[in-house]
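Visitor: Here you go, one structure.
We did not get these values from a lab; they are worked out from the coordinates using the rules stated. Being a predicted model, the structure only gives us computed values, none of them experimental. Quick reminder, even Gly has a Cβ in these numbers, built from the backbone with ideal geometry, and neighbours come from all protein chains shown.
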Amino acid sequence: MDYKKMSDDIVRLVGGEENINGLVHCATRLRFDLKDSRKAEREELEKHEGIITVVESGGQFQVVIGSHVAYVYTEIMKNRDFGSDTQATSESSGKKTSVVSTIFEVISGSFSPLISAMAGSGMLKALLTVLTLLGWMSATSDTYLILSAAGNAVFYFLPILLGITLGIKLKANPYVAGVIGAALMEPNFTGLMDKGSDVSFLGIPVVMMNYSSSVFPIFISISIYAFVDKLLKKIIFKDLQLFLVPMLALMIMVPLSAIAFGPFGTTVGDWISSGVTWLIGVSGILSGIVLGGFMMFMVVFGLHWGFAPISIHNIGIGGDPIEAMAAAAVFAQIGVAFGFFLKAKKDKTLRTLAGSASITGLLAGVTEPIIYGLVLRFKRAIPIVIIAGAAGGAINGHFGVKMTAYVFHNIFAIPVYTPTLVYVIAIACSFTVATVLALTFGYESKGRRENSKTVDSTKVEESVPVVTASKAVDLKKETIYSPITGKIAPLRQVNDSAFSTGAMGKGLAIEPSVGEVVAPIDGVVTSLFPTGHAIGLTTHAGTEILIHVGINTVALKGKYFNPVVQEGDIVKQGDLLIQFDMEQIIEAGYEIVTPVIVTLTKNKVDIFEIDQEQIQKNEVLLTLVV
């Protein structure tokens, strides 16, 4: 799915940017605050591919998309500022998050604005490499040096740029944060390196280092600066803050960065880099299998951001093996898409998606349309990506291939990998293996049950033979247990048309009598909105379930909700997921009726509801036949 085009279409159809006061998103929908909702073209929105329905409720114009909403939201907010940010909402709510989740969020939020600049600069360096190899440009010519400056600048001055983005992310003055990074690269400071070890500040020894292209020192320094900035604003008279807060912050942070944070951060970076190099040295093949085979899943859960500082640090000291091994996963995904394109001759929609996704991945290194449009849609593709990615990753790992400039993994970036020939062999292996396996094993049929008869839920077994007009098909049963104790109501009674019309999927609603949500299945927490009011889970069989506590409760910004799990957690049926204060939610003016639905997926599912008024948590709520 082209999220960029979809986001532009949505903005246009809600009346354009000038009609938008604010925008947030929850687990399933974009929530617009429009100046005039009459300007929105509701019918056109509902007809748009990828949009489930449109709801107007609670003063918001809501575009219901489903599980991909975060990606559309991200595209909409690129280069736009509507004054509403889900991260801010989460922070203002006071909801506790794990240290690991916070670190990944800060890393992601700091690097995301710089990705295009780094990728563009990396591709420019790749182009210069090709031009010099072909003899079309001299590495000593003025033209080369000017273009080389353009390609190197973002990496050389990375401490400054990261200081700014970190300052924004941590809600400190971003320009003062950038100045802290710039101070470590200012000629008076770098000139002290000529004095060797004879450098001090107020008698305290200073270990001089080169901070260009560094990552870890600025992360530590700006994280501390964010606390210093808040502290100074609390204790300094408001009329003096304009000059006194930044002056004192610079007087404190620049020396501390030079004396302690800079050397410590550099040492930490060296330790991590050495540790990664050691692990790869122990078994390059095993490292390549893990990174090449499973990098796609790290991307899905956002864990790949943890590698970004390490990779950039490695590039600054000669080359990064992590991204070289991970590149195999990208070409495995492209191979799957190309295989589906060749196989789907009778499915024009799938063929178009697979073809366009293949080209996007091959030329730009962007594989989200493949991941979310093909691999996670057709589960048969998952082991293919793992096998093909592991094969190419093992080759790169064994032969020590490294990436020498930060780029998206596409065919134009090949020159920045060394040794280049081995890298080409590795990605060609991943692409070819994935294409052949995709052609051989194909993808699941979406229409195998279109003619199946309805089955009485009281007679369903674990495997049910259903006779159709053509042949017998074995169908499997899944049991969904109640996540909540309370009174059962049909979805049609829910005061939200996204649920009541069945647009989001089938299921039941529960009026809670106890403020707890437990896991209705064994599976994985695949989505958890920052405000804690909604959670999505996926069973081991691939069924997606959404539990949405209350109606429009996203507006509470996390108040009265306490999630006890995180995205990616593996849960057992009956495990506690969320605690919520029913009385406070009702007192705030919100309904607590909770839809429990099986969201619309690629599989056709028959859902059999229980026929009773009250239910206890862990009792059977729904029976699915897939």
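Visitor: What whole number of Å gives the distance from the Cα centroid of segment 274-297 to the Cα centroid of segment 326-366?
Guide: With segment 326-366 and segment 274-297 each reduced to a Cα centre, they are spaced 26 Å.
Visitor: Enumerate the residues in segment 527-548 having an amide nitrogen under 18 Å from the point lying 7 Å beyond the Cα of D569 toward its Cβ.
Guide: Counting backbone N atoms under 18 Å from the label point, the list is 527-540, 545-548.
Visitor: Something else: Fewest to most neighbouring Cβ within 10 Å: what's the order for H540, H313, H533?
Guide: Fewest to most other Cβ atoms nearby, the residues stand as H540, H313, H533.
Visitor: Roughly how compact is segment 99-271, stated as its Cα Rg over 2.2 N^0.38 Å to two decimals?
Guide: This ratio for segment 99-271 stands at 1.18.
Visitor: Counting other C-beta atoms within 10 Å, and keeping those with at most 10, which DSSP coil trypsin sites (Lys or Arg not before Pro) do you find in segment 509-581?
Guide: K572
Visitor: Hey, another quick one. Fewest first, what order do L133, L147, L342 take by the number of other Cβ atoms within 10 Å?
Guide: L133, L342, L147
Visitor: If you take the C-alpha gyration tensor of segment 221-264, multiply each eigenvalue by 5 and take the square root, what semi-axes do you get, largest first, in whole Å?
Guide: 22, 10, 6
Visitor: When a footprinting reagent is the concern and you count Cβ atoms within 10 Å, what order do Y211, Y590 take, fewest first?
Guide: Ranked by crowding around the Cβ, least crowded first: Y590, Y211.
Visitor: Could you give the length gained on full extension between T501 and L342, defined as 0.36 nm per residue of separation minus the Cα-Cα distance, in nm?
Guide: 53.5 nm
Visitor: Taking every pair of alpha-carbon atoms in segment 144-208, give the share separated by more than 15 Å as a whole percent.
Guide: Values: 1323 of 2080 pairs.
Within segment 144-208, distances greater than 15 Å cover 64 percent of Cα pairs.
Visitor: Given that compact globular proteins tend to follow 2.2 N^0.38 Å, what is the ratio of the alpha-carbon Rg of segment 302-351 to that value?
Guide: So segment 302-351 has a normalised radius of gyration of 1.70.
Visitor: Another question about this same structure. Do any trypsin sites (Lys or Arg not before Pro) in segment 320-388 lie in a loop, going by DSSP, with at most 10 other beta-carbon atoms within 10 Å of their beta carbon, and if so which?
Guide: Answer by residue number: K345, K346.
Visitor: If you average the C-alpha positions of segment 121-151 and of segment 486-560 separately, how far apart do those two centres end up, in angstrom?
Guide: 55
Visitor: Further question on the same structure: What is the distance in Å between the Cα centroid of segment 14-55 and that of segment 165-216?
Guide: Each part reduced to its Cα centre gives a spacing of 46 Å.
Visitor: Within segment 1-47, report the trypsin sites (Lys or Arg not before Pro) that DSSP leaves as loop and that have at most 13 other Cβ atoms within 10 Å.
Guide: K35
Visitor: Taking every eigenvalue of the Cα gyration tensor of segment 324-372, multiplying by 5 and rooting it, what semi-axes result, largest first, whole Å?
Guide: 20, 10, 8
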